[in-house]
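K.L.:
I am attaching a structure below and will ask some questions about it afterwards.
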Amino acid sequence: MTEPSNQSPTGRADAPGRPASTPENPWPVRSIAVKVAQWIDRLGSVWVEGQITQINLRPGARTAFLVLRDPAADMSLSVTCESELLRAAAVPLQEGSRVVVYGKLSYFTGRGTISLRVTEIRPVGIGELLARIERLKALLAAEGLFDPRLKRPIPFLPKTIGLITGRASAAEHDVLTVARSRWPAVRFEVRNTAVQGPTAVPQMLEALAELDRNPEVEVIVLARGGGSVEDLLPFSDETLCRAIVAATTPIVSAIGHEPDNPLSDYVADLRAATPTDAAKRIVPDAAAELALIREQRERSAAALRGWVEREARALAQLRSRPVLAEPLRLLDQRYDEAERLRTAARRAVGHILTTQSTTTRHLLDKLTAVGPAATLARGYAVVQRVSGKERHVIRTVADAPPGSQLRIRVADGAVTAATLGSQPISTHSQKESADERR
């Protein structure tokens, strides 16, 4: 076999100490296997935590084979150890046990496999598991994943309910039986997964993602019956808790019994004490709802009847009032009053007119008595001297010299005359005139 050259596939030389391979000078399998074994050997000894999913311990064999799985991911690792190491364990190890092992990775060039050769195995006790859960709880709480404001409301009557639970489990039976007894038309999308053990978390994550993508599923229930702390560990897994928070569908956690509080209870949108309680809180009771509807209808009808009766009484009271019982009565009263006022006004106006007419007549009589016409009617006359078109009243004899043309006005007309002469009136004549006037 030709030694590998330092030429890269592009024809350039690689860095010193890093020989390249080409189609003309490929590396043999043994070279790759040895180099991989050398690289893995550089890792040294490490502590690894996981869950035992398989134990192969044959009687009389010096080597035991185990499979160690990551609880939060679908990954596993082959582990080998001496049989006495398993038999001498302080706590009997079985499938599902959480352990911390110390060992060194080895690459078997003959089979091309990697195995962890362990020299120490420490079971993870309940106290340590609880402490780890508390630390994770504090971390999730610090991130705000328990904030009540993040809780999504549960629909009143979901069309379809997603249920993640163990196959043929009591939790599945309780949820389905109670829900269908309360509302027979309810529909379920059931996903049966492992609810404990190393495969529980990956299966539940897959089922949760599938139901969350289904647009018809309006709420998802995680249900499991009671169990030990180890049995309920998958529901305190960090990956599952974060998946519950990230889901868009409301999620109800119904794990164990009332005292059980896995971390899924804190991140879920609703915590139910038991699977039966979850069914009661998600699905309304049809009989109770019908009874409530009947009660509301009766109350509404009673309220409506009461309102109608109140309004009828109010209308009756309004109609019984004089203004509505005899609407023309007030007009009649006002009409009579208006007639009285009009009669009084007419009487007052007539009295005023009569009084003023009498006063006017008296004044007219006085005026007539002192007027020239009345004087003329008593025998007096008005003598005027006519000079062309002008007329002058004669007051003295000097105003009518002889030959003057006169106009004499009497009560029933006027006569014309001429002055022949004048004669002054003596004292004796004045007395005679006064006597005549008397």
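K.L.:
Kindly provide the set of residues from region 133-159 that are touching a helix residue (DSSP H, G or I) at 6+ places or on another chain (Cβ under 9 Å) and either surrounded by 15 or more Cβ atoms within 10 Å (Cβ to Cβ) or of a type in the set (Gly, Ala, Ser) (or both), ordered by number.
P.N.:
Hits for region 133-159 are Ile133, Leu136, Lys137, Leu140, Ala141, Gly144, Leu145, Phe146, Ile154, Pro158.
K.L.:
Of the residues that make up region 287-304, is at least one surrounded by 11 or more Cβ atoms within 10 Å (Cβ to Cβ) and either among the basic types (Lys, Arg) or within 24 Å of Gly227 (Cβ to Cβ) (or both)? Full working, then the answer.
P.N.:
The initial filter retains those residues of region 287-304 that are surrounded by 11 or more Cβ atoms within 10 Å (Cβ to Cβ), namely 287, 289, 291-292.
Among the residues that remain, those that are also either among the basic types (Lys, Arg) or within 24 Å of Gly227 (Cβ to Cβ) (or both) are: none.
Scanning region 287-304, I find no residue that is surrounded by 11 or more Cβ atoms within 10 Å (Cβ to Cβ) and either among the basic types (Lys, Arg) or within 24 Å of Gly227 (Cβ to Cβ) (or both), so the answer is no.
K.L.:
Moving on to the next point. Would you point out the residue of region 247-261, among those that are surrounded by fewer than 24 Cβ atoms within 10 Å (Cβ to Cβ) and in contact (Cβ under 8 Å) with a residue 40 or more places away in the chain, that is farthest from Pro153 (Cα to Cα)?
P.N.:
Thr249
K.L.:
Given Trp39, Trp47, which one is modelled with pLDDT of 85 or more and within 30 Å of Pro202 (Cα to Cα)? Spell out how you get there, then give the answer.
P.N.:
Values: Trp39 fails: within 30 Å of Pro202 (Cα to Cα).
Exactly one of Trp39, Trp47 is modelled with pLDDT of 85 or more and within 30 Å of Pro202 (Cα to Cα), namely Trp47.
K.L.:
Count, please, the residues in region 324-354 that happen to be of a type in the set (A, V, I, L, M), at pLDDT below 85 and open to solvent by less than 100 Å² (accessible area, probe 1.4 Å).
P.N.:
Of region 324-354, the ones of a type in the set (A, V, I, L, M) are 324-325, 328, 330-331, 338, 341, 344-345, 348-349, 352-353.
Imposing the further condition that a residue be at pLDDT below 85 reduces the set to 324-325, 328, 330-331.
Narrowing the set further to residues that are open to solvent by less than 100 Å² (accessible area, probe 1.4 Å) leaves 324-325, 330.
The total comes to 3.
K.L.:
State yes or no: is Ala179 among the small types (Gly, Ala, Ser), touching a residue at least 12 places away in the same chain (Cβ under 8 Å), part of a helix (DSSP H, G or I) and closer than 21 Å to Ala273 by Cα?
P.N.:
Values: among the small types (Gly, Ala, Ser): yes; touching a residue at least 12 places away in the same chain (Cβ under 8 Å): yes; part of a helix (DSSP H, G or I): yes; closer than 21 Å to Ala273 by Cα: yes.
Yes; evaluated as a whole, the condition is true for this residue.
K.L.:
Also, quick follow-up: Just name the residue that is farthest from Leu176 (Cα to Cα) out of those in region 263-284 that are in contact with a Lys or Arg (Cβ under 8 Å, 6 or more places away or on another chain) and open to solvent by 50 Å² or more (accessible area, probe 1.4 Å).
P.N.:
Looking at residues that are in contact with a Lys or Arg (Cβ under 8 Å, 6 or more places away or on another chain) and open to solvent by 50 Å² or more (accessible area, probe 1.4 Å), I get Tyr266.
K.L.:
Which one of Ala171, Ala223, Ala194, Ala207 is aliphatic (A, V, I, L, M) and either assigned to a loop (DSSP other than H, G, I, E, B) or open to solvent by 20 Å² or more (accessible area, probe 1.4 Å) (or both)? Reasoning before the result, please.
P.N.:
Working: Ala171 fails: either assigned to a loop (DSSP other than H, G, I, E, B) or open to solvent by 20 Å² or more (accessible area, probe 1.4 Å) (or both); Ala223 fails: either assigned to a loop (DSSP other than H, G, I, E, B) or open to solvent by 20 Å² or more (accessible area, probe 1.4 Å) (or both); Ala207 fails: either assigned to a loop (DSSP other than H, G, I, E, B) or open to solvent by 20 Å² or more (accessible area, probe 1.4 Å) (or both).
Selected residue: Ala194, the only one of Ala171, Ala223, Ala194, Ala207 that is aliphatic (A, V, I, L, M) and either assigned to a loop (DSSP other than H, G, I, E, B) or open to solvent by 20 Å² or more (accessible area, probe 1.4 Å) (or both).
K.L.:
Could I ask something else about it? Given region 355-438, what strands (runs of 3 or more DSSP E) lie entirely inside it while holding 3 or more residues that are at pLDDT 75 or above and open to solvent by 70 Å² or more (accessible area, probe 1.4 Å)? Can you show your working first?
P.N.:
Details: elements: 382-387, 390-393, 405-410, 413-418.
The strands (runs of 3 or more DSSP E) meeting that bar are 390-393.
K.L.:
Is there any pair linking a residue in region 358-385 that is under 23 Å from Ser422 (Cβ atoms) to one that is part of a helix (DSSP H, G or I) and of a type outside the set (Phe, Trp, Tyr), with Cβ under 8 Å and at least six apart or on different chains, and which?
P.N.:
Short answer, once both residue conditions are applied: Val382/Pro372; Val382/Leu376; Arg385/Asp399.
K.L.:
Now for a separate question. Mind listing whichever residues of region 96-146 are part of a loop (DSSP other than H, G, I, E, B) and farther than 30 Å from Ser31 by Cα?
P.N.:
Matches in region 96-146: Gly96, Ser97, Val124, Gly125, Glu143, Gly144, Leu145, Phe146.
K.L.:
Still on this model: Could you list, in sequence order, the residues of region 232-244 that are out of contact with any Lys or Arg (no Cβ under 8 Å at 6 or more places or on another chain) and assigned to a loop (DSSP other than H, G, I, E, B)?
P.N.:
Asp237
K.L.:
Looking at this structure, is Ala207 within 30 Å of Val67 (Cα to Cα), touching a strand residue (DSSP E or B) at 6+ places or on another chain (Cβ under 8 Å) and at pLDDT 90 or above?
P.N.:
It is true that Ala207 is within 30 Å of Val67 (Cα to Cα), touching a strand residue (DSSP E or B) at 6+ places or on another chain (Cβ under 8 Å) and at pLDDT 90 or above.
K.L.:
So the check is Cβ under 9 Å with 6+ separation or different chains; which pairs have a first residue in region 329-346 that's charged (D, E, K, R) and a second one that's assigned to a helix (DSSP H, G or I)?
P.N.:
From region 329-346, the pairs are Arg329/Pro322; Arg329/Val323.
K.L.:
Ok, one more. So which residues in region 75-99 are open to solvent by 30 Å² or more (accessible area, probe 1.4 Å) and among the β-branched types (Val, Ile, Thr), if there are any at all?
P.N.:
Scanning region 75-99 gives a single hit, Val91.
K.L.:
When only residues in region 210-220 that are under 31 Å from the mean Cα position of the chain (by Cα) and open to solvent by 30 Å² or more (accessible area, probe 1.4 Å) count, which is nearest to Gln51 (Cα to Cα)? Outline the logic, then answer.
P.N.:
Taking region 210-220 and keeping what is under 31 Å from the mean Cα position of the chain (by Cα), we get 211-220.
When the remaining residues are screened for being open to solvent by 30 Å² or more (accessible area, probe 1.4 Å), the result is 212-216, 218.
Details: Asp212: 28, Arg213: 30, Asn214: 32, Pro215: 35, Glu216: 36, Glu218: 34 Å.
Filtering region 210-220 for residues that are under 31 Å from the mean Cα position of the chain (by Cα) and open to solvent by 30 Å² or more (accessible area, probe 1.4 Å), the one nearest to Gln51 (Cα to Cα) comes out as Asp212.
The values are calculated or read from the model by the stated rules, or taken from the named source; none is laboratory data. None of the values given here were measured: they were computed from a predicted structure. As a convention, Cβ positions derive from the backbone with ideal geometry for all residues, glycine included, and neighbour counts pool all protein chains shown. Remember, those area values only see protein heavy atoms, side chains included, never the ligands or the DNA or RNA. Shrake-Rupley method; radii C 1.70, N 1.55, O 1.52, S 1.80 Å.
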